[in-house]
Each structure stands twice: as C-alpha cells, then as structure tokens.
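The values are calculated or read from the model by the stated rules, or taken from the named source; none is laboratory data. Keep in mind that what you see is a predicted model, and the values were worked out from it rather than measured. Neighbour counts run over all protein chains shown; Cβ positions are idealised from the backbone, glycine included.
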Amino acid sequence: MEQFDVGVVGTGYVGLATGASLAYVGHRVTCLDNDQERVASLREGKIPFYEPGLQELIGKSAGRLRFASSQRLTEVIRESDVLFVAVGTPQGGDGSADLSNVADVARAIGRSLGGSPPRELPLVVANKSTVPVGSAYYVSTLVGEGIDEVGGKGAEFRVASNPEFLREGNAVHDSLFPDRVVVGTDSREALDALRTLYSPIVEQSFPTQWDPRPKVAVPFVTTDLASAEMIKYASNAFLATKISFINEVANLCELVGADISEVAYGIGLDERIAPRFLSAGLGWGGSCFPKDVAALRATAREYEHETPLLDAAATVNERQRRRVIQKLQRELHSLKGRRVALLGLSFKPNTDDLRGAPSLAIASALTSLGARVVGYDPVAGKAAAKLAPDIQAVFDPYEALRGTHAAVVVTEWGEVRGLDPKKVASLMRDPKLIVDGRNALDAAASREAGLLYRGFGRGYDTG
Ligand SMILES: NC(=O)c1ccc[n+]([C@@H]2O[C@H](COP(=O)([O-])OP(=O)(O)OC[C@H]3O[C@@H](n4cnc5c(N)ncnc54)[C@H](O)[C@@H]3O)[C@@H](O)[C@H]2O)c1
C-alpha cells in the first residue's frame, strides 16, 4: 500500500472520522482545528462529541494520527500530499450555505502554500465540506488569492470535490465501509492521488473486526466538480423527500384507517423503492438535511428556478412538527400549565448532535403555549439544557415522566423504545398521553398499560 501524508482541516464529525479512518488504513494523518480547546482535548484522547466507535478507531490509529492547531497549517501543508477541508458550512440567513469557514481555510491554504518552498508534486485540496455547486472554483480562486497575498510564485495545487455521506451515529462504519466514494475533479493528478489514497477502503484491503459483511469493492465514482457537489445535495434532498413522502402517506392513513407501518413494509419490498427512510413520524432534522435542502433551494433561487418538489418536502416536514402539537392539543386542549416530557432530544439516536433537532423546536412551541417541558436524553441532556433553558433536563427517562400529562417520543433511542409501559403509566398523570413521534413504541402494549397512545399514521384511533 502506498502511504500518503494527509492533512484534515476541521475536527468535527466528518473531519475526525475521515482522519481516523485514513490513519487506520495506513496513512499518516494530521487533523487540524482552529478551536484550541478541541485540539487540546483530542490530544488528551478525549473526543469532543458522542460518536460510537470513534474513540476506539482513533486508539487503533495512534502513531499515525496527530492533532494540531490550525496555526500549524503551513507545516502540515509542507509535509502533506492531500489536504482535506472538513469545516462546517452552516445555514446562512437566506437559506444558502455559509461558506465563510471554507473561504477562511482556502485563503490560509494559499498563504501557506505561497510562503513554502516549491513542491515536488502539487498539493491536492480535497473538499469534504458540503458546498454549493461552483464552490470548487471559488476555493481555487481564494487559494490563488492567498498565494498572491504573500507573493508566492509557482505554488502548485489541484482542487477536488470529495463529498462525505457518513451518518452521525454510524460515522466509523460509514467511513470504513462507504456505499461509494465520489471524487469530482478536472485534474488527472488529483484523481490519481485520491484513487490511490482511497484504495485500501475501495478495495476493502485493510484488516477489520468491525463489519461482518465483507464487501468486494466500494464503487469509486469519478466525475466533474459540479456533478460531485450536486451528488451530495441531491442525495440528502432525495432522502429528505422520501421521509416527507411517507409522512404525507401517513397523514392519509390516519384519515382512511390504514396503518403506515404495514404500508411502508409493503412498498419498501419493491426494490425500486427500498425499505429505508420510510419511517413516518415527526419528520427530519439534524445538521445536514434541513440546511442542505435549504441550500439547494437557495441555489435554485439564484437561477430564478423553481423547486416545487423540494419546497413541498420542506413544507410537509414543518407540518409534521406542528402535528405533534396538534395531537397534544386534541387530547389536552389548553397546554397551559401542562407538564410534557420529551423523550429523546438529539436529532436522532446514537449522537449528541442537537443541530436542527426537532426537540428544540417542539420545546419552544410548547413553552410558548404555556406548557412545562421536561426532557430526557441518554447523552444530549446537558447540551440541550444549555441551548434551551426552557427544557428541564433529567437523566432518567422515568424521572422525566413523573407527574407529566403527556410525553412525546422525539428520538427513538433504545432507552426510550425499551420503556416499561406499565411503569410509565404508573408515573404519569391523566390522560397519560403518549405522542409517539417515531412510531417506536408498541401501541397495543401501551394501551393495555392504560396509556392514551397516539402515533403517526397508525389508523384512525391513533391519529
Ligand atoms: N455531520 C455529518 O453527518 C455530515 C455528513 C456529511 C457531510 N457533512 C458536511 O461536512 C462538513 C463538516 O460537518 P461536521 O458535522 O463535521 O461539522 P462540525 O461543526 O462538527 O465540525 C467542524 C469543525 O471545523 C472547525 N473549523 C471551522 N472553521 C475552521 C477554520 N477556519 N479552520 C480550522 N477549523 C475550523 C470547527 O472548529 C469544528 O471543529 C459540513 O459541510 C457538513 O455539511 C456533515
């Protein structure tokens, strides 16, 4: 295996998983961040967020994986063949992606390159951050400006788009066993470098104890820059739309008396449809879907182009969150003074990420209607309490349920799925309403225990 020297700028979910997996398969990697505290804690072996298996992967890569402040960018660039950009691209005020972090990094790369001695081979700048179509050109321009700023001459670099598809909560698995690796570039050198860099992952030729499913080869998709950038947005937009689609069908199920879980199973067996992302409930959230759908719609607006399907996907999603409140109001009427538990606060299980978490929007809607909100989450409780002081965070699900009139299942953590309905009923106050925003609980067992169960799309009586 050809060993590369790799730099990764940004040590969030994507940067750390990328750095750790590339080091694990044999490359020498330095992960950089401008957050000094984060770098210091990584050096002490502490991961700044909850991501199952990542600590272990970093441990197994020790010796080939280092962490440094981005002040050391120049030094890292000097020794790197490939530099990944994995900084955040949050949603800007108008829905478009805020590229300021990417722009800062691009200029800094230029200055570092411009101030360095001539390189044997051009630096490959591979962008992993999710950025709108055309950003690779923008990055190239900014790197060039950075080089000019320091009067650098002949500093060579090539740009590639290498979008990331990992799922938080499964980042380690998805980095080592991706469904595909996508590289967009107009440079042969960049393509060759990234193909070789990824070969242990593409060929699955590294020793592993993690995945019982041996994959023969991972598709390595090579394309142009714009298409690579669009592949990322189109993937997330499709998945978000799939969820909004099943939610629309679920709402019809409530009217006609059908059960969405039966319907989803029946349609998901069709290979053209596939079973995943057909879970009805309170809709999608998180650090990616909302901002990426918004950014794609914003891109379309720049071209004065309409996106009726994406607009509808977003509208259906907003409506689903309102339906949670409506389901509570239908049974409790006024929510003033009512005590409501939110079960699960992170945007999905197995992560502590609260970006775009439906729990925050629901808590704020409930509070504005006069309800008292108590929240439980196995890992995100403290962070949620900081972000949303209206949520009284507790660390035991039964404690959260004590004395509540209603509970909303927001995140289908194992700890929430596994609640004992009888114990739940014994702790709650009438009408002991459960709004199951993820259709995660056993409806029949809940009713038998004396709970007033309301799911999403599970026939008339649960609507
Ligand atoms: N989180 C996911 O599941 C996921 C999946 C696929 C793609 N993405 C995309 O990948 C990118 C990164 O996402 P994330 O969730 O890892 O973000 P994150 O917010 O968890 O991490 C970003 C990191 O970049 C650092 N950073 C920001 N500006 C910097 C700068 N100028 N110099 C050095 N470091 C800087 C921050 O301190 C932070 O540690 C985003 O564009 C996101 O849309 C995320």
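Does the stretch 345-358 contain any residue that is surrounded by 24 or more Cβ atoms within 10 Å (Cβ to Cβ), in a helix (DSSP H, G or I), on the phi < 0 side of the Ramachandran plot and modelled with pLDDT of 95 or more? Yes; the residues of the stretch 345-358 include at least one that is surrounded by 24 or more Cβ atoms within 10 Å (Cβ to Cβ), in a helix (DSSP H, G or I), on the phi < 0 side of the Ramachandran plot and modelled with pLDDT of 95 or more. Once the stretch 154-200 is narrowed to residues that are under 28 Å from Gly110 (Cβ atoms), among the basic types (Lys, Arg) and touching a residue at least 24 places away in the same chain (Cβ under 8 Å), the residue that is surrounded by the most Cβ atoms within 10 Å (Cβ to Cβ) is Arg158. Need a quick list: strands (runs of 3 or more DSSP E) entirely within the stretch 1-71 having at least 3 residues that are more than 12 Å from the ligand (Cβ to nearest atom) and at pLDDT 95 or above. In the stretch 1-71, the matching strands (runs of 3 or more DSSP E) lie at 28-33. Which count do you get for residues in the stretch 250-303 that are polar (S, T, N, Q), within 16 Å of the ligand (Cβ to nearest atom) and assigned to a helix (DSSP H, G or I)? Residues in the stretch 250-303 being polar (S, T, N, Q), within 16 Å of the ligand (Cβ to nearest atom) and assigned to a helix (DSSP H, G or I): 1 in total.
Which of the following residues is of a type in the set (A, V, I, L, M), assigned to a helix (DSSP H, G or I) and crowded, with 24+ Cβ neighbours inside 10 Å: Ala407, Ala363?
Ala363
Residue count for the stretch 411-447 satisfying the condition of being in a loop (DSSP other than H, G, I, E, B) and not acidic (Asp, Glu): 13. Taking the residues in the stretch 448-463 that are assigned to a loop (DSSP other than H, G, I, E, B) and at pLDDT below 95 as candidates, determine which candidate is surrounded by the most Cβ atoms within 10 Å (Cβ to Cβ). Top of the filtered list is Gly463.
Look through Pro178, Pro118 and report the one residue that is in a loop (DSSP other than H, G, I, E, B), within 14 Å of the ligand (Cβ to nearest atom) and more than 17 Å from Val87 (Cβ to Cβ).
Working: Pro118 fails: within 14 Å of the ligand (Cβ to nearest atom).
Residue meeting the stated conditions: Pro178.
Within the stretch 9-49, the set of residues being of a type in the set (A, V, I, L, M, F, W, C) and out of contact with any Lys or Arg (no Cβ under 8 Å at 6 or more places or on another chain) comprises Val9, Leu16, Ala17, Ala20, Leu22, Val25, Val39, Ala40, Leu42, Ile47, Phe49.
Among the conditions (1) under 28 Å from Pro349 (Cα atoms); (2) more than 16 Å from the ligand (Cβ to nearest atom); (3) modelled with pLDDT of 95 or more, Ala193 misses just one, which is (1). Among the candidates Ser187, Ser199, the residue that is among the hydroxyl-bearing types (Ser, Thr, Tyr), under 16 Å from Thr222 (Cβ atoms), out of contact with any strand residue (DSSP E or B) (no Cβ under 6 Å at 6 or more places or on another chain) and away from the ligand (no atom under 15 Å from the Cβ) is uniquely Ser199. Here Gly88 does not fit the description of being assigned to a helix (DSSP H, G or I), touching a residue at least 12 places away in the same chain (Cβ under 8 Å) and more than 18 Å from Leu113 (Cα to Cα). Within the set Ser235, Ser279, the sole residue that is within 22 Å of Ala443 (Cα to Cα), in contact (Cβ under 8 Å) with a residue 24 or more places away in the chain and surrounded by 15 or more Cβ atoms within 10 Å (Cβ to Cβ) turns out to be Ser279. Given the structure, is Gly286 more than 21 Å from Gly457 (Cβ to Cβ), in contact (Cβ under 8 Å) with a residue 60 or more places away in the chain and crowded, with 20+ Cβ neighbours inside 10 Å? Considered against the rule, which asks whether it is more than 21 Å from Gly457 (Cβ to Cβ), in contact (Cβ under 8 Å) with a residue 60 or more places away in the chain and crowded, with 20+ Cβ neighbours inside 10 Å, Gly286 comes out as yes. A single entry from Asp390, Asp396, Asp377 fulfils the requirement of being under 16 Å from Leu282 (Cβ atoms), touching a strand residue (DSSP E or B) at 6+ places or on another chain (Cβ under 8 Å) and in contact (Cβ under 8 Å) with a residue 12 or more places away in the chain: Asp377. So which residues in the stretch 85-111 are more than 9 Å from the ligand (Cβ to nearest atom) and either surrounded by fewer than 23 Cβ atoms within 10 Å (Cβ to Cβ) or under 20 Å from the mean Cα position of the chain (by Cα) (or both)? Within the stretch 85-111, Gln91, Gly92, Gly93, Asp94, Gly95, Ser96, Asp98, Leu99, Arg107, Arg111 qualify.
Quick one: in the stretch 410-434, of everything that is under 25 Å from the mean Cα position of the chain (by Cα) and within 19 Å of Arg322 (Cβ to Cβ), which residue is surrounded by the most Cβ atoms within 10 Å (Cβ to Cβ)? Before you say what the answer is, go through the steps one by one.
Pass one, the stretch 410-434, residues under 25 Å from the mean Cα position of the chain (by Cα): 410-418.
In the following step, the residues that additionally are within 19 Å of Arg322 (Cβ to Cβ) were identified as 410-411.
Numbers: Val410: 33, Thr411: 28.
Looking at residues that are under 25 Å from the mean Cα position of the chain (by Cα) and within 19 Å of Arg322 (Cβ to Cβ), I get Val410.
Of the numbered criteria (1) aliphatic (A, V, I, L, M); (2) more than 15 Å from Asn34 (Cβ to Cβ); (3) in contact with a Lys or Arg (Cβ under 9 Å, 6 or more places away or on another chain), the one Val82 fails is (3). If you filter the stretch 39-51 down to residues that are under 21 Å from Asn350 (Cβ atoms) and touching a Ser or Thr at 6+ places or on another chain (Cβ under 9 Å), you find that the one that is surrounded by the fewest Cβ atoms within 10 Å (Cβ to Cβ) is Ile47.
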